[in-house]
Structure formats: structure tokens, C-alpha cells
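Structure record follows, encoded as C-alpha cells.
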Amino acid sequence: MAGVGTEGGAISLAPSTGRSDAGRWQDNPTLLRVLSVVLFAGIWQIAGMIPVSFAFPTFVDTFTAFLGMIADGSLPKAYLSTLQPLILGVVLSTFLGVGVGTLCGLWRTGEWLFIPIFIVLQAAPVAAFIPMVTFIYGIGMTAKTLAVMILALPVIVLNTYKAVRNVNVSLIAMCQSFLGTRWQVVSRIILPDASPVIFAGLRLGVAAGFVGVVLAELLITPTGIGDLITFHRSRANYAAMYATIASIIALSTLTLVALEWVETRMFRPEKRGA
Amino acid sequence: MRNATLRKGPTLMPEPVDAIVEVRGVSKSYGNVEALRGIDLDFPRGKLTSLLGPSGCGKTTLLKIIAGLVNADAGTISVNGRTVSKPGPERAFVFQDFALLPWATVLRNVAFGLELRGKAAAEREKIARHYIGEVGLAGFEDKYPHELSGGMRQRVGLARALSVDADVLLLDEPFSAVDEQNRRKFQEDLIRLRTTQNKTFIFVTHSIEEAVYISDRIVLLSPRPGRISQIIEPEIDRSVDPDRIHRDKHYLDTVEEIWQGLKQYVD
Ligand SMILES: Nc1ncnc2c1ncn2[C@@H]1O[C@H](COP(=O)(O)OP(=O)(O)OP(=O)(O)O)[C@@H](O)[C@H]1O
Ligand SMILES: [Mg+2]
């Protein structure tokens, strides 16, 4: 019995000896994240100043170009054109993907009908379909939205399906024994229980959606962010090109962070503290 | 130090009294595993009946059939004189693995049965708070299951079952995932709750001591296929100090008698 107490004590003591005051800032996640960004910008700045390539601008030049593109309106205009199909595609993929995935997880026939299609789609290099989509739907909003969905949907469907299939059966029995209806079993047990894996799929799906829209704009529909990147590259305006690329990466990251926030806020509050 | 309050009652099929749950000719097989064969059993109202037997003799299966969570191949279950085949409001289940919602607080977990029945939030939380206090968890309403010990989690499961105000509580080895100290405390609380709540308890266990300590009636099941081998009524006065019961000769004799009966089935 004494062993249990000393074991826990020994573990917590060991790392803190010798650097008890240093442990403080190392445990502050916000500070660490800011530090990570600063470190990244610093390395970028140095690499640009060496320079590693004549086409590689410094961080400061890139940031200045970023502000310039906001000021002259070219970046907001490009985002307006890119975000519409992106948001539409991601939202459609989310509802369709979670819906189809849940259905396949609950319903054997649906599983046999749909899951093989999505397994093939996930395995295929779907970016190759994008020119095909343009061929059929032209170069407008529909083609871009479809490009987003082709990349985002399979991973969302498959993750949702997997999560629903592996739901805790004991919780389902509990819900039934307390007179839960079929719909209550799905909405209050299966979906919340599956939500961590569903959200993992959503994160991958949203990231893939960003890939889809940029690919569509680079490959076929010269509009929006993709067009801005191509345009500045052709002018050898590398600072502006890098600023555009960095901005879409930043936006994608922020979207994923927001998604995680929604998950812990609305679906799994018990993970908030962790 | 002789405790005169302990008496061992008659064994083997006592007179049927007011039975709240009646099991008639229930059989169940899983593939070619025969889990239960021809079970006839009455559960007296307001009493605590234990189903006791070695692992795999069909205790959980019988309890889930009574709960309406598993369908019997043959036979009927009636509760309050009405034949049932699905879960109903007059029965509530306490699960061996607690079956708590990890994403919900203690309060919501305890109120969950009422939530499913569409009771208004304020009302169901008032009821839930009452039973949280009743099982000794006051102050833990806003904690999540992962912040509780095993014993406390099962108290949540018990409070949830009490909240829906069922006549019959079905408990499947509720203490098997709880450490020995908490188990003792929990058994004492259960004895107390049984006198205050006026409910019928059907309790599955594979601990002979536990069964003798808490039960009014013990049903011994034999394995492969599960059948009733003996019914024992310990008739122990539990108003005395719990520690004295554990040392009492009649208590120990009953434990020994049941062990002699079950020994043949243990390999
Ligand atoms: N869902 C199932 N599918 C197939 N066989 C099952 C299933 N559930 C139980 N069985 C089998 O039926 C028999 C009785 O099982 P049951 O769980 O009712 O026993 P038990 O008395 O509760 O055992 P334990 O003390 O281990 O909990 C066992 O042989 C078991 O393997
Ligand atoms: Mg069992």
C-alpha cells in the first residue's frame, strides 16, 4: 500500500528537480504557440536574407506584400471568389458525409451499396478527376464546389461510418432500457459517442477541401487564390506569391482550430480541460 | 457474542407470495450454446433477490430478458401481472460497466432516463439532485464520469435507475468493477436504500458472501444449461451492525451451505 503512494510521488518529483522555475513558461500553451510562430518567422527571415534562392523572399518582404495586397483589394477579391465554393463544398460534404456515413453505419444495405464507392474514391488519386469535372461542369462555381467535395467527402463518410459501427453497445442498451426511441439512440448516444472520430474525419476533410479548391483554381479555373498565385509567379513577384500561399495555409489552420473548438464546446465538453 | 437476530430460513421453493416479476418457462440459446433452459421463477415484491451462480450460467442473460433487452426463445415474463417483451417504465437497469455518458455531467447522467421521457429540464434536475444526494454524491453534480472513481461511477448508475421511479431495479454485478472497500460500503448503502425506497431489487452476483449479506432470497443457478438448482432465504436481520453480520455463525453457515451446493459446478 505504501508503494502506491511513493510511486506517484516519485514520478511527479523527478522532472521538476533542478528546474522548478523553468517549468512555468514551458507549461504555458499560449506562450509556446506564439513562440513557435515567432521562431518560424525568424528562420524564414534568415533563410530569405542568406538567400536560399533568388525566388525566396524574406518574411518581412512577404508580410509587406501581404498588407499591400489587402490594401489594393486583390487579396480580398480573390478570397471572395475562392471562399464561396470552398464553404459551400465543405458544408455540403459535412452534412452529406456525416449523413451517408451514419446511414451506412446503421443500415447493412446502405453499407454494401455505398462504402465500396468511397473506399475506391479515397484510394484513388482523386485530384486526377478535377479536369474531368471541369470537362463536364465548365469552369464556374459548380466545378470548384465539386472539386472540394470530391476531395473532402470520402474521408468524412468513411470516418463517420467507422465511428458509428464501433459505437459503445453498452450505451445503446442503456438508452433502450431507459425507453429511448430509435431516434434518441441515434441523436443522444451514437452521434455524440462517435463525434471524436467524426471530427477527426471532418478535420481531414476540410483540409482536403482546401486542397481541392486550390487545385481546381491552379489547374483549370483561373480565378481566386489559385489565380493570384499563378499571376504573381508569372510576374516573378515572389513576395506576393508567398504571401498568398501563406495566407491560405493560415486560413486552413485557423479553420481546423475553430473546428476543434466547436467539437469540445458542443459535443465533448469533458475534453475541454484536457 | 452470539447474535440471535440471525436466522436461517427454510430452503427449496418457499410459498409463492405477492410476485411482482414472474418468469415462466424461459429458455434461451445463443447459437448452440444453451444459456437458459425452462426457468420458472417468482420475484417477491419489495424484496431483494439475488441470482447467484458460476460464470457463464446465464445470470446476465436472465436479467436482460427480464429487462426486455434480450428476447427469450420461449417463455414469458410478466411484471405487475402484465406480460412484457420490451423495456418498460416499471423496470430500471444498473449496468455492470456503469454505461455512463462520458460527455455528460453526473447531473445529466442521473437525469438521462427522465430526459429520454421528455421531462422538463428543471423538474428532472430537481429529481436527479435528490437521488444524487441519496446515493452520497452531493457536490459532484458537475463532474464528468472520468473524474470519478469506479465506486462513485456506479453510484451514478444507481441514482439514474432510482430517478425514473421504477418498481423493479435490475442490477447486473454492479460492484464487480468496484474495489473491495467501496464494495462493502456500497453493500451497506444498498441495504439502507432498500428499506427506504420500497422497491424490488433483482441482483446478479457471483459472490456468495455478497448474496448472503444483502439478499432476502437467493436463486442458485447451475450452468450449461442455466437452470435453477436451489432457492435459499437467509432471513438476516440487517438492522444490526454490519460488521457483526459478517462474523455471525448463521451468516457463515449459509455461505458454507451455498458453497457446498455450487462446488460441483466449478471446474
Ligand atoms: N451475445 C451473446 N452471443 C453468444 N453467446 C452469448 C452471448 N451472451 C452470452 N452468451 C453465452 O451464454 C452463456 C451465458 O452467458 P451470461 O452472460 O448470461 O452468463 P453470466 O452468468 O452472466 O456469466 P458471468 O458471471 O461471466 O457474467 C455463456 O456461455 C455465454 O458465453
Ligand atoms: Mg454476467
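The values are calculated or read from the model by the stated rules, or taken from the named source; none is laboratory data. Just so you know, these numbers come straight off a predicted model, no measurement behind them. Because the Cβ atoms are built from the backbone with ideal geometry, glycine has one as well, and the counts that use them run over all protein chains shown. Just so you know, the surface numbers come from the protein's heavy atoms only, side chains and all, with ligands and any DNA or RNA stripped out. Shrake-Rupley method; radii C 1.70, N 1.55, O 1.52, S 1.80 Å.
Here's the yes/no breakdown for (1) open to solvent by 10 Å² or more (accessible area, probe 1.4 Å); (2) within 16 Å of ligand 1 (Cβ to nearest atom):
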position	(1), (2)
B:61	yes, yes
B:73	yes, yes
B:115	yes, no
B:127	yes, no
B:141	yes, no
B:152	yes, no
B:156	no, no
B:170	no, yes
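Residues are listed down the side, and each one gets a yes or a no for (1) of a type outside the set (A, V, I, L, M); (2) closer than 23 Å to residue B:188 by Cβ; (3) crowded, with 18+ Cβ neighbours inside 10 Å:
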position: B:218; (1), (2), (3): no, yes, yes
position: B:226; (1), (2), (3): yes, no, yes
position: B:241; (1), (2), (3): yes, yes, no
position: B:253; (1), (2), (3): yes, yes, no
position: B:256; (1), (2), (3): yes, yes, no
position: B:263; (1), (2), (3): yes, no, no
inquiry  = So residue A:93 passes all but one of these: (1) under 23 Å from the mean Cα position of the chain (by Cα); (2) open to solvent by 30 Å² or more (accessible area, probe 1.4 Å). Which condition number does it fail?
reply    = (2)
request  = Please find, among A:71, A:65, the residue that is in the same structural domain as residue A:198 (by TED's automatic domain parsing), surrounded by 17 or more Cβ atoms within 10 Å (Cβ to Cβ) and either closer than 26 Å to residue A:213 by Cβ or at pLDDT below 90 (or both).
outcome  = A:65
query = Here are B:65, B:77: which of them is part of a strand (DSSP E or B), β-branched (Val, Ile, Thr) and either in contact (Cβ under 8 Å) with a residue 12 or more places away in the chain or away from ligand 1 (no atom under 12 Å from the Cβ) (or both)?
reply = B:77
query = Which of the residues that make up the range A:148-180 are out of contact with any Pro (no Cβ under 9 Å at 6 or more places or on another chain), open to solvent by less than 10 Å² (accessible area, probe 1.4 Å) and either among the basic types (Lys, Arg) or over 15 Å from residue B:157 (Cβ atoms) (or both)?
reply = A:152, A:154, A:156, A:157, A:160, A:164
ask   = Going by the conditions given, is residue A:173 within 14 Å of chain B (Cβ to nearest Cβ) and assigned to a helix (DSSP H, G or I)?
value = yes
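This table checks each residue for (1) more than 24 Å from residue A:175 (Cβ to Cβ); (2) touching a residue at least 60 places away in the same chain (Cβ under 8 Å); (3) out of contact with any Asp or Glu (no Cβ under 9 Å at 6 or more places or on another chain).
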site: B:173; (1), (2), (3): no, yes, yes
site: B:178; (1), (2), (3): no, no, yes
site: B:185; (1), (2), (3): yes, no, yes
site: B:204; (1), (2), (3): no, yes, no
request  = For residue B:87, indicate whether it is closer than 24 Å to residue B:200 by Cβ, more than 16 Å from ligand 1 (Cβ to nearest atom) and within 18 Å of the chain's Cα centre (by Cα).
outcome  = yes
request  = Considering (1) free of Cβ contacts under 8 Å to residues at least 60 places away in the same chain; (2) more than 16 Å from ligand 2 (Cβ to nearest atom), say which one residue B:161 fails and leave the rest.
outcome  = (1)
